[in-house]
Structures are given as C-alpha cells and as structure tokens.
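Reviewing the structure listed below.
The values are calculated or read from the model by the stated rules, or taken from the named source; none is laboratory data. Computed from a predicted structure; not experimentally measured. Neighbour counts are summed over all protein chains in view; Cβ atoms, including those assigned to glycine, are modelled from backbone coordinates with ideal geometry.
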Amino acid sequence: MIKDYQTQKALRGPYDFCILGAGPAGITLALRLARAGWRVLLAEGGGREYSERSQGFYHCTSSGLEMYAGETRLRFLGGTSNHWAGRCRPFDPSDFAASPPVGLPGWPIGYGEIARYLPEAMAIVDLPQGADFKAMNAGLGGGDFDADRFLLSPPTRFAQKYAQALEDTPGLDLFLNCNCVDLEFDKAAGSVAAVVVSDYDLHRERVQARHFILAMGALENARQLLNSQSLREAGVVTVDGMVGRCFMDHMNVEMGTFILKSGQGTDTRQYYTTDAFVAEYQAGKGNVSASVLADVQTYGRTAEVKHFLENLACDTGVASKIKFVADFSCPGDGVLGTMIEQFPNLQSRLTLHQDKDALGVARANMHWALSDADRHTIKCIGSELAKQFAEADMGFVKLNEFVYDTTQPLKIQPHAHHMGTTRMAETPAHGVVDSDCKVFGTGNLHVAGSGIFATGGAANPTMPLLQFALRLADHLNQQMKATTA
Ligand SMILES: Cc1cc2nc3c(=O)[nH]c(=O)nc-3n(C[C@H](O)[C@H](O)[C@H](O)COP(=O)(O)OP(=O)(O)OC[C@H]3O[C@@H](n4cnc5c(N)ncnc54)[C@H](O)[C@@H]3O)c2cc1C
C-alpha cells in the first residue's frame, strides 16, 4: 500500500526491513524483499510529484568544483530516475581486478558477485532480455580504444513503472513525505534500534525494524550517517573518518574538436579505453564520444546573438578571428565529449555544515576535488585519441590546451553520477561498508546505491547499482531465513 505520512500516521512497525529512500535502489530492494514474504517499510522523503518543499532539503554548499548537488538530484518518489537519461553500460571484470594507482584498495569482491544479476537489472530498466551490449562502431585500431558498448533504457521512470507494484505487493508499506531524520544506534547491542522519521510539520516517530537500509542516494546516505549522534558517540562514525570521503563523479571534459577526412560519414562514434591502455598508462578508463555537428554549436552565453556572425564566419573562413566573441564550432566540425573515471580521493568529500535544515538534519558541504592522477588520465586519453585518429588517417584532432598542459585550469562539468561516499572495502580503514554492504561496526545497517562503489570505472552507475541492490536483497533474505528458522 502507498500512504501519505503527512496526513496518515499509520506506520505498522516493527518491520523486518526499513528502507529509506524510494529511488531505483530503494524500490528494487523493497519489492524484492516484500515478494520474499517479509514486512517492509519503504520511507520516502518526497511526495508523488516534485515540490520545492522537499527539493529544498537537497540544498548544500560547495567548497570544491561545482557539481550542482542541489539541482541534479530529485527528491520525490522515483528519485533521480525521474530525469535520468537511461544510458546503461555494465562494469567489466577488469573494474574489479586491480587497485587504482592512488594508494587506496579497489573492490574487495570480484565481478562475478554481481554479474549474475545483470539480466534481472536489465529487465528492471526495460532493456531487452538477451540483448548484447553491442559495439556501436568500430574501435580505433591502435589498441587503446575499443568501440564503446551500451544500451539505452527508454529511460525507465521508476515511480511510474512500479507504482502499481508498490501499491499491491503484500507486506510492503510505502510512506510518502516520510523523512529519515535520525538513526538511533544501540551501542550495547551493536545495532541500529530505530530510525526516526518526520513529516514536514516536525511530527516525529521512531520506526523499529530488524534491518535498516539507507537508499537515499550517495550524498544523503553519507549525510545521515554523519548526522547521527548515537553512531558518532559509539565511534561507528567519526567526523574525520571514511564516511563522506572518496566522493567521485565521472568527469565530463570537453577534449577539443576534430575534423574528419572525407568519406568518414557523420555518425557519432563512441570509444572506450582498453584494459591495455589502462595498464600501460596507469590511467583511469574513459568513454569518448566523437560527434560531428550538423549546426553551429556555441558554448558562449551570448549564443543566440552571435548566431548570424558565426555562420558568416564559417562561410568565409574567418572563424578563428571572431573566436573572441563566442567560442563556437562550425557545421562539419566534430566535438569530443567524454565520461571519464575519477579515482577515489580522500580529499574529495562530503562533510557536515554547521547549519541545519528545517527538520534538524545538518546540511552538507560538498568538496568535489580531483587529483593529479585524474589530470593524468584526462591527458593520456586526449593525447592517445589524437594520435590514433591521425594514425588511422581518419582526420585531425585539436585538443584544448588544458588537456595536455596540466598547469592550466581544467574546464570540467559533472555527470551527476555520485559515487564513493560510503565505499566498500575489506576493512574500515579504507571504507564504510563491508562486502555485504553492511556498515562496519553495526549488525543491521546496510547501504544501497552507487555510494558503495569502491571505484567507478566509466560505466553509467544505475544498472550496476541495481545489480548490487538485488544482491543485497538476496543476502538479507538468506540471512533472515537463517535467523528465523
Ligand atoms: C540529469 C541526470 C542524468 C542521468 N543519466 C544517467 C544515465 O543515463 N545512466 C545512469 O546510469 N545514470 C544516470 N544518472 C544517475 C542516476 O539518476 C542515479 O544513478 C540513480 O537515480 C541513483 O539511484 P538511487 O536510488 O541510489 O538514488 P536516487 O535516485 O537519488 O533516490 C534517492 C531517493 O531517496 C529519497 N530521499 C532523500 N532523502 C531522504 C530522506 N531523508 N528520507 C527519506 N527519503 C529520502 C529521495 O527523495 C529519492 O527518492 C543521471 C543523473 C542525472 C542527474
């Protein structure tokens, strides 16, 4: 059933499972656990639709690179899937095989642990069963870039697709406008005793359950862990510990432009770094999409005003002379967009701000920071791509200077793929959750979503996070069966 906690105070605890957050991760877990016969509460902070009231709780400050944390996430039923783009690429075995070259360990589990959940995760986001992640074009021949492999989900909007199932599945209570505001840890028992939820009028209630799962997105999961006084007092969470650290996004760097030789066609090509490239350059992975523009594309703010001038300039070959008016590309030019792996970095982190939101939860400050290793990755991908374009006699690449001159400020945008803030590791020295997604130092607190990613590769995060959610549901189901038998 679906109820509105703002008007219906009908929680029916204690529950077997209390899941916080109804985005792709929370909805997937809730349906799977309820279908296995357990009593499940799914507490969603937002309502059925977007509202300023709920979205305002995502406001946070930024002291690092701008990553638009307040705008890109969506805080209502279905979460950020309400505007995700649906691009899906699975992790590769190599993502799990080696540690990144930055003094932090990689994944403590092998790819096989999630590979078996790929068909089901594909079905959840409406990818055709049995469809292969096919290469869209040929690779680049020089051994550094294969063709990328990906599929596009419609994209699945989780609130629309799963509303009926959330309503009808026996044992499942979904409460909207039901905000997690505190996690109560019982130090003697070594487990979370209750979660405190609140409506928007500060009506608070304790919810008891045997297991709790944080599924509020990578930033909110870390924020709630840091905000819990009882977790801090018990030493499970420390303000300077691993919670919130190693925040990663995929780097969206415009590498530059290219001109194709004639006869090359104008279809967009998508390339992906090979494992050999990663090993040779000790660099991260990356996707490069090479698109030929049909129209003039401007990057300046005054785009509309300059349109006529730019077309004229392209026609008469004086484009470079008016670059000062607006940065632009002419029809037939190609642009190189990217989605590049960021390595885990202790300095890239979420911390708590001194200000609290209207429900008494400390606001977050984001400090998105890159390391020298990330600049190295960007430089290697750009330079090798340029070389291989030339070697394959495809055309000419003109890289932006900041790509190869790492002393220049980097121009970068986020992809809004939030990862790493509650990373998985073998020990608490290097992460927040163990290989079963359980928070170190607790017996019954788990985390779902891409915050658990130890490394992010250059695969889009949603389908893999669903694979992890399915794995977590199976693990908890088995554990519950064993303890209740
Ligand atoms: C513009 C855009 C495009 C994207 N495109 C892609 C793409 O093409 N491919 C891809 O793989 N990924 C893409 N993503 C990323 C994708 O949206 C996320 O990976 C995915 O939504 C994460 O799912 P989640 O369930 O972990 O978190 P979310 O979707 O963020 O859901 C979290 C839920 O928790 C709720 N919540 C928050 N705080 C509380 C609280 N205190 N109490 C209770 N509930 C709370 C929220 O309301 C929300 O419903 C894109 C993201 C953006 C912004």
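Within the range 26-61, restricting attention to residues that are among the aromatic types (Phe, Trp, Tyr) and within 12 Å of the ligand (Cβ to nearest atom), the residue that is nearest to LEU359 (Cα to Cα) is PHE57. Looking only at residues in the range 243-260 that are assigned to a loop (DSSP other than H, G, I, E, B) and not hydrophobic (A, V, I, L, M, F, W, C), the one that is surrounded by the most Cβ atoms within 10 Å (Cβ to Cβ) is GLY244. A single entry from LEU31, LEU41, LEU11 fulfils the requirement of being in contact with a Gly (Cβ under 9 Å, 6 or more places away or on another chain) and of a type in the set (A, V, I, L, M): LEU41.
Picking from residues in the range 188-198 that are surrounded by 21 or more Cβ atoms within 10 Å (Cβ to Cβ) and not hydroxyl-bearing (Ser, Thr, Tyr), the one that is farthest from the ligand (Cβ to nearest atom) is VAL192.
I need the full set of residues from the range 347-378 which are within 17 Å of THR238 (Cα to Cα), surrounded by fewer than 18 Cβ atoms within 10 Å (Cβ to Cβ) and small (Gly, Ala, Ser), in order please. Across the range 347-378, the qualifying residue is only ALA362. Of all residues in the range 418-449, those that are within 16 Å of the ligand (Cβ to nearest atom) and outside any strand (DSSP E or B) total 9.
Can you say whether ASP201 is under 22 Å from ASP16 (Cβ atoms) and surrounded by fewer than 24 Cβ atoms within 10 Å (Cβ to Cβ), as far as the supplied structure shows? No: the conditions fail for ASP201. Take LEU476 and tell me if it is touching a residue at least 12 places away in the same chain (Cβ under 8 Å), assigned to a helix (DSSP H, G or I), in contact with a His (Cβ under 7 Å, 6 or more places away or on another chain) and closer than 28 Å to LEU152 by Cβ. No: the conditions fail for LEU476.
Here LEU385 does not qualify as touching a residue at least 60 places away in the same chain (Cβ under 8 Å) and either part of a loop (DSSP other than H, G, I, E, B) or in the same structural domain as HIS430 (by TED's automatic domain parsing) (or both). Among the conditions (1) within 30 Å of ASP275 (Cα to Cα); (2) exposed (fewer than 15 other Cβ atoms within 10 Å of the Cβ); (3) out of contact with any Phe, Trp or Tyr (no Cβ under 6 Å at 6 or more places or on another chain), the only one that ASP95 does not satisfy is (2).
I'm checking my understanding of the structure. Among residues of the range 211-242 that are of a type in the set (Val, Ile, Thr) and away from the ligand (no atom under 16 Å from the Cβ), which one is surrounded by the most Cβ atoms within 10 Å (Cβ to Cβ)?
Only one residue tops the list, namely VAL237.
Residue count for the range 426-449 satisfying the condition of being crowded, with 24+ Cβ neighbours inside 10 Å and farther than 18 Å from PHE17 by Cβ: 2. Can you tell me which residues in the range 241-279 are at pLDDT below 95, within 24 Å of GLY456 (Cα to Cα) and of a type in the set (Asp, Glu)? The one that is at pLDDT below 95, within 24 Å of GLY456 (Cα to Cα) and of a type in the set (Asp, Glu): GLU254.
To keep it simple, each residue is scored yes or no on (1) surrounded by fewer than 24 Cβ atoms within 10 Å (Cβ to Cβ); (2) more than 10 Å from the ligand (Cβ to nearest atom); (3) of a type in the set (Phe, Trp, Tyr); (4) modelled with pLDDT of 95 or more.
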| position | (1), (2), (3), (4) |
| --- | --- |
| GLY451 | no, no, no, yes |
| ALA454 | no, yes, no, yes |
| MET463 | no, no, no, yes |
| LEU466 | no, no, no, yes |
| ALA469 | no, no, no, yes |
| HIS475 | yes, yes, no, yes |
| ALA482 | yes, yes, no, yes |
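In the set PHE185, PHE158, PHE133, PHE150, only one residue is closer than 30 Å to CYS18 by Cβ and within 16 Å of the ligand (Cβ to nearest atom); that residue is PHE158.
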